[in-house]
Amino acid sequence: MKDPFQAVKVTDKVYWVGAIDWDLRDFHGYATRRGTTYNAYLVMADQPTLIDTVKAPFADEMLSRISSVCDPKSIRYIVSNHSEMDHSGALPRILDLVKPKKVFASAMGVKALKAHFHWDMPVTAVKDGEKLELGGERLAFTESRMVHWPDSMFSYLEGAGVLFSNDGFGMHLASSSRFDDETPDWYDEAAKYYANILLPFSDIVLALLDKIAKSGLSPKMIAPDHGPIWRKDATKIISLWGEWARQKPRNKAIVVFDTMWGSTDKLARAAAEGLITAGVKTMVMPLRGSHRSDIATELLDAGALLVGSPTINKQIFPTVADVLSYLKGLRRKNLVGAAFGSYGWAGESIKQVQDALTEMGVATVETVKCQYVPDAAALEAAYGMGQKVAAKLKEALR
Ligand code: FEO
């Protein structure tokens, strides 16, 4: 039987030979409700070159797609732009089968691949700005260190103007379409990917965007390792990354909470009402129904974060601790906000939430807490907290 998986032609010489992971629903803590793709690319130069591989269980799918273009054993070079296992997992098996003349990675990539596979495979380190002749085609390498791993690297196919950007400008989206113009609903997944993977590295992203702009590279296409290939909106996704990286606050608040007996829920709703009546677009995200990665995504274009927790055994409620830990790691800047919550006898969680927000750099207003069930005064205080956050946000937006 003919191999069921086919390559997709990207340019005269470039083919997509990756894999579609329709099943993936969790990418290290990030809810990937629409699956993902692991993109790999074959450049059919005189020295056929494979750019990145796929997650290990998808090696056969990739080999099948390669076979629809050429004998995998004819591949001479492999470029590893990024050593994370979703792009390098299949590499040992491919190396065994293909036996390429050379494997290339950034200097940090050489170390990272060795630390993953504990092998003696000689991987050639390429420097920032170095070029590689493929015979009729040429690749130019640009380090993209910490976007989002130390080893990350972009490879640019001169002439055709294709930028292989590893995780850069990617998104988790399994689809039958390989190109952005065939995937008009890409925005939400691109924003979610930035918010959950790249946000902590935003200063480095801005420096990299600047470096690309000054380098004179003018990619006609951007071919990332996840999601669609940018052939229509390459400029737009670069511009969106700049916007997201700058993290300017917007007139939007996120109210995150969990509740035991409905008291923190009531405070959350009152606080939200205070925000709404002050003219702030507000989203209340109860943690029983909101995934941490969706909260991070909503925060991307917000300016305020309010977090509420009941106290349980002198601690923050577990789901609230989870989301605070996750958001702290993502290091969203330029937020105002508040901590609130309910308690039975001591109320430690409210101070703990406040401390966490302070550690995250959120400029907070006074906390609001209530014992057992909020009375009218407590609800008024929560409403007032919302109004104070709204006023602080308006100041920040000026
Ligand atoms: Fe898609 Fe950083 O791996």
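Looking only at residues of the stretch 70-104 that are in contact with a Leu (Cβ under 6 Å, 6 or more places away or on another chain) and among the hydrophobic types (A, V, I, L, M, F, W, C), we find that the one that is nearest to ASP46 (Cα to Cα) is ILE75. Scan the stretch 218-228 for residues that are away from the ligand (no atom under 16 Å from the Cβ) and in contact with a Ser or Thr (Cβ under 8 Å, 6 or more places away or on another chain) and the total you get is 1.
Of the candidates ALA105, ALA112, ALA45, the single residue that is open to solvent by less than 30 Å² (accessible area, probe 1.4 Å), among the small types (Gly, Ala, Ser) and in a strand (DSSP E or B) is ALA105. When we screen LYS13, LYS73 for residues that are assigned by TED's automatic domain parsing to the domain that holds HIS148, crowded, with 19+ Cβ neighbours inside 10 Å and farther than 21 Å from GLY227 by Cβ, the only hit is LYS13.
If only residues of the stretch 76-102 that are among the charged types (D, E, K, R) and not in a helix (DSSP H, G or I) are counted, the one that is most open to solvent (accessible area, probe 1.4 Å) is LYS99.
Any residue at all in the stretch 129-144 that is assigned to a loop (DSSP other than H, G, I, E, B), within 16 Å of the ligand (Cβ to nearest atom) and either on the phi < 0 side of the Ramachandran plot or of a type outside the set (A, V, I, L, M) (or both)? Within the stretch 129-144, one or more residues are assigned to a loop (DSSP other than H, G, I, E, B), within 16 Å of the ligand (Cβ to nearest atom) and either on the phi < 0 side of the Ramachandran plot or of a type outside the set (A, V, I, L, M) (or both). Here the stretch 271-314 is the region considered, the condition is being assigned to a strand (DSSP E or B) and not β-branched (Val, Ile, Thr), and the residue that is surrounded by the fewest Cβ atoms within 10 Å (Cβ to Cβ) is LYS281. Annotation note: of ALA268, ALA253, the sole residue that is assigned to a helix (DSSP H, G or I) and out of contact with any Cys (no Cβ under 7 Å at 6 or more places or on another chain) is ALA268.
The values are calculated or read from the model by the stated rules, or taken from the named source; none is laboratory data. Computed from a prediction, not measured in an experiment: that's the story for all the values here. Cβ atoms come from the backbone with ideal geometry, glycine included; neighbour counts cover every protein chain shown. These area figures cover heavy atoms from the full protein model, side chains too; ligands, DNA and RNA do not enter into them. Shrake-Rupley method; radii C 1.70, N 1.55, O 1.52, S 1.80 Å.
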